[in-house]
1. Which listed residue (VAL375, MET350, SER137) has the Cα farthest towards the positive end of the charge dipole for the chain, taking +1 on Lys and Arg C-beta and -1 on Asp and Glu C-beta about the Cα centre?
2. Tell me, what % of the accessible area of the chain is carbon and sulfur with a 1.4 angstrom probe?
3. Please check: in the Gaussian network model of the chain (C-alpha springs, under 10 Å), which one of ALA348, ALA300, ALA63 has the largest mean-square fluctuation.
4. Find the accessible area per residue for the range 89-180; the probe is 1.4 Å, ligands and nucleic acids are left out, and the unit is Å².
5. How high is the FRET efficiency from GLN54 to ASP320, r the C-beta distance, R0 35 Å, rounded to 0.05?
6. Using a 10 angstrom cutoff on alpha carbons, build the Gaussian network for the chain and name the most mobile of PRO82, PRO228, PRO296.
7. Figure the gain on full extension for LYS295 and THR384 (residue separation times 0.36 nm, minus the Cα-Cα span) and round it to one decimal in nm.
8. Given only helices, namely DSSP H runs of n ≥ 4 each adding -39500 (n - 2.57), what is the per-residue ellipticity at 222 nm of the chain, to the nearest 500 deg cm²/dmol?
Amino acid sequence: MAQEPRQAAQMRWLGAAQLIAVVRSEPGITRAAAAQRLGIGSGGATELVARMRQARLLDETSARTQGRGRPTTVLGPHADGPLVLAVELRAADWRLALADLDGLPQVVAQAGYVGGDLDAVLRPIANAIGAIYRRKSKRLRAVTVSAAGPISGAKLGQFTPRGWNDVDLSALTAKIPDRAGVALLLGNDATLAGLAEARTGAARSAATALYLMVAEGVGGTLVVNGEPLTGAHGAAGEYGHVPFGDPALVCPCGARGCWDLTVDGRALARHRGDAQPVDAVEYVHELLNKPTRDKPTRRAFEAVAASLGRGTGAYVNVHDPDVVTLGGVAALLRAQAPEAFNDAYLAALMSFRKDSPPPVRDAEHGEDGPLHGAVALALDDVTTAAGLADWVDRQRV
Ligand SMILES: [Zn+2]
């Protein structure tokens with residue numbers, strides 16, 4: 001069959017793209033409710049859903065009805081529909097997770113890093129991605145790489161855990177042929193986790209959502225109407241590198257007085273008089289696991305929670321979010337000294353905000369936040385009208 005002109009094909013799939021957006025934001029929605037959201041009649045919805053089932057995008061299953069109403073159906077991903085792959089490069093290991101249009105990542109591979117140099121580390125991951133592509137070739141449409149470091153253009157600017165700079169991650173999809181047209185997207189882990197909270201987590205349905213996460217230092221993102229503000233090069237959101245801290249302390253980033261140094265395991269160690277920990281997150285967990293807590297440790301937790309609260313208040317002044325979510329070990333740190341956090345948070349707010357400060361919630365996705373965000377970003381790419389037109393073309397081949 002001859003291909004339709006590109007623009008016409010995209011127009012043809014615009015309604016489908018809108019319906020997928022509705023199904024993604026309201027999983028388990030009925031066909032009738034989805035039609036209502038889109039403002040289309042039941043005849044139009046029936047036709048649209050039939051076309052999407054034939055295109056292996058959506059499927060319907062009958063839903064249990066309450067009362068005596070007519071039986072209805074709920075919309076969900078087609079069993080042979082598009083797949084996306086999330087690749088997560090964490091400090092000590094990597095994970096691969098597949099998801100369909102329901103957006104729920106299923107971890108399919110996980111391993112520690114092997115070898116020291118970049119090529120040796122990336123090769124097994126590229127092989128694992130290649131194996132998944134060979135199994136799912138017709139269905140895999142996009143790959144998102146989540147990494148603990150700033151993204152700059154198509155590169156990972158810095159991957160501190162391994163000491164890498166300016167890493168070109170395209171080697172990860174080297175086993176996927178170009179002709180397959182599988183998109184490769186990159187995202188910072190904190191940005192993706194914040195995106196996940198705004199789409200399906202503790203900041204769901206907030207128009208302006210601020211996400212702050214503590215690991216070694218602070219990262220985060222501001223998500224506005226479902227889209228993270230990533231800056232000109234994708235490197236926005238370095239929330240920790242502002243001088244909310246002690247000007248006497250020099251940060252590894254090169255600046256003085258960074259907030260980073262006052263809100264994580266390094267800060268706890270400093271307050272307790274310990275040497276700087278090798279792993280700042282591990283250090284937090286070690287302290288939390290101690291059966292008893294001496295006075296210096298309690299004071300250390302209070303100081304860290306207060307700094308976290310103060311900075312959170314400062315960013316609320318800056319961004320005016322509907323809601324703030326705390327990820328990484330930030331929620332755990334707040335929970336050790338909630339009063340210290342709250343006092344500092346309120347004290348940092350400008351007067352006119354103090355009466356109704358935005359809620360500060362614990363993130364819901366936990367350590368899977370970056371995977372959920374990576375899947376969401378990939379699905380955004382795959383489910384545009386152009387992406388769906390491309391999917392349909394490729395199914396015909
Ligand atoms: Zn810094």
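The values are calculated or read from the model by the stated rules, or taken from the named source; none is laboratory data. Source: prediction; values computed, not measured. Here Cβ is always computed from backbone atoms with ideal geometry, including for glycine, and neighbour counts include all displayed protein chains. Note: areas computed on protein heavy atoms with side chains; ligands, DNA, RNA excluded. Shrake-Rupley method; radii C 1.70, N 1.55, O 1.52, S 1.80 Å.
1. So the residue furthest toward the plus end is SER137.
2. Carbon and sulfur: 50 percent of the exposed surface of the chain.
3. ALA63
4. In whole numbers, the range 89-180 has 46 Å² accessible per residue.
5. 0.15
6. Fluctuation is largest for PRO296.
7. The span from LYS295 to THR384 would gain 26.5 nm if fully extended.
8. Dividing the helical sum by the residues of the chain leaves -12500 deg cm²/dmol.
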